[in-house]
Amino acid sequence: MSDHAHNPHHQRRWAILAVLGIAQLMVVLDSTVVNIALPSAQMDLGFSDDNRQWVITAYTLAFGSLLLFGGRLADVFGRKRLLLAGLIGFSVASAVGGSAPNFEVLVIARAAQGLFGALLAPAALSTLTTTFTDPKERGKAFGIYGAIAGAGAALGLILGGVLTQYLSWRWCLYVNLVLAIPAAIAAVLLLTNQRPEGKARLDLLGTVAVSVGLLGIVYGCSQAATNGWTSTTTLGCLIGGLVLLVIFVLIELRVKNPLLPMRVVLDRSRGGAYLGLGLACVGMFGVFLFLTYYLQTILQYSPITTGFAFLPMVGGIMVMATLSTAVLLPKVGARVPVFAGMVFSAVGMALLTQIGVDTSYVTHVLPGLVILGLGLGMLFATCFEVGTSGVEAYDAGVASAMANTTQQIGGSIGTALLSTIAASAVVSFMADDLGDQMAAAVHSYSVAFWVSAGVFAVSAVVCGLLIPGGVHEREATSAPMGD
């Protein structure tokens, strides 16, 4: 109970969770809500197929490369300030994007959304980490937050379909104003700005190295999806990005105030949680990408029906996210739910490989989606909680940023990897066989699902070996008061 006396948020903790959930939902939604609106936006603004990817890539590039910096800014200047800056900036960028008169303004607005999202996401997660200090309540809170994080991308597909079909593609951006403005007002009223006492300095050299390194990797992956893995641009960006990340680690081992203290990632439980989030996103993005194509082009579903077809997965995520952190994690530790989540996800993906040109949603899609949802629910909620627990208050923001960064990098790698594998599968199918375009497309989706299943299966072994077994009492993070 003594922790509660030093926690200015304790009395308002559940209302704060609602605000943080809205903030997280907004960031996750924007990774998919625009996807369904993209054809309408392209028709309206008249940009080419070659430029189309930049509406998505501009967001992921800015978001993925600046997350660690945003996390450390939250630690240095205070989480409330960064959360408000992120919410307000995100809403302004969304308004600009929604009213964009041309392609260039839309892309700049999407990049600005990514930048403010990089301030918002780690500030929200680290505020959650420092608000819930009671282990039982913490489990429930992280279950809810993990459910939002895991289900948000699928909800984005539903929302994108509804808004595009009944209003306009522009409302896929304007909708953020409906979320951000009330959340910002509530944050002003509910939150106390918290930051560690004493003078803190930013690690500018490390910030440049990691931001440019992550930018190189995310951009290289986006190029691989269109130009292949062996193109000069792809290889140059990926190798350059990896070299800069190695330099970043060397810098962090030497500087007095590192951007990412190595103690945050070298803990086996936290390191395993970050790896689990990244690997899950490598495998997970296949289901959003290829199942969306399958439902719309093969089964002829409308955008709205396609979005709602993902609801059983969303339900599975929400149920297991709450159960895994409130029930499993306190009793058996992190290894079991992470391992089981990976295995469930692998089984769900394997079931989805059985789709065909003439198969139905109920028999060949629904069972896989439900099992996949249960697996992802266990994974996301557990990894979010373990990845942000047991750190000092000064590291809460950057630990939260690492959880988000691994998701972004995993998603970028997964999208590029599975896109190129699926494209190769189409070419080989058409060369070997019968020339049926629909059959070739379905074959490529099945191949992608098999690869995703393999990623989850290997991840189960890796995370099962890395994350320690048993229950480990990890002190809840608390933050000293500051202005």
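What to note about this one:
- Residue check for Thr127: out of contact with any strand residue (DSSP E or B) (no Cβ under 9 Å at 6 or more places or on another chain), within 30 Å of Gly333 (Cβ to Cβ) and not in a helix (DSSP H, G or I): no
- Put simply, of Ala439, Ala399 the only residue that is part of a helix (DSSP H, G or I), more than 13 Å from the chain's Cα centre (by Cα), farther than 18 Å from Leu275 by Cα and small (Gly, Ala, Ser) is Ala439.
- You will find that of Pro330, Pro367, the residue that is modelled with pLDDT under 85 and surrounded by fewer than 19 Cβ atoms within 10 Å (Cβ to Cβ) is Pro330 and no other.
- Hits in region 233-249 - residues which are under 19 Å from Leu417 (Cβ atoms) and free of Cβ contacts under 8 Å to residues at least 24 places away in the same chain: Thr233, Thr234, Leu235, Gly236, Cys237, Leu238, Ile239
- Condition check for Leu214: buried (at least 19 other Cβ atoms within 10 Å of the Cβ), over 23 Å from Phe449 (Cα atoms) and in contact (Cβ under 8 Å) with a residue 60 or more places away in the chain: yes
- Subset of region 238-255 [buried (at least 16 other Cβ atoms within 10 Å of the Cβ) and under 22 Å from the mean Cα position of the chain (by Cα)]: Leu238, Gly241, Leu245
- Val287 vs. criteria β-branched (Val, Ile, Thr), at pLDDT 85 or above, in a helix (DSSP H, G or I) and surrounded by 22 or more Cβ atoms within 10 Å (Cβ to Cβ): no
- Considering residues of region 370-396 that are among the polar types (S, T, N, Q) and assigned to a helix (DSSP H, G or I) only, the residue surrounded by the most Cβ atoms within 10 Å (Cβ to Cβ): Thr382
- Residues of region 250-264 that turn out to be part of a helix (DSSP H, G or I), within 20 Å of Leu215 (Cα to Cα) and in contact (Cβ under 8 Å) with a residue 60 or more places away in the chain, as a count: 0
- Any hit, region 193-203, residues being modelled with pLDDT of 85 or more and among the aliphatic types (A, V, I, L, M): no
- From the list Gly143, Gly152, Gly86, Gly114, the lone residue that is of a type in the set (Gly, Ala, Ser), modelled with pLDDT under 80, assigned to a helix (DSSP H, G or I) and within 17 Å of Leu29 (Cα to Cα) is Gly152.
- When the test is whether a residue is modelled with pLDDT of 85 or more, crowded, with 24+ Cβ neighbours inside 10 Å, farther than 10 Å from Leu25 by Cα and not small (Gly, Ala, Ser), Leu157 does not pass it.
The values are calculated or read from the model by the stated rules, or taken from the named source; none is laboratory data. This one's a predicted model, so the numbers in the text were calculated from it and none came from an experiment. Counting neighbours? That spans all protein chains shown, and the Cβs are built from the backbone with ideal geometry, glycine included.
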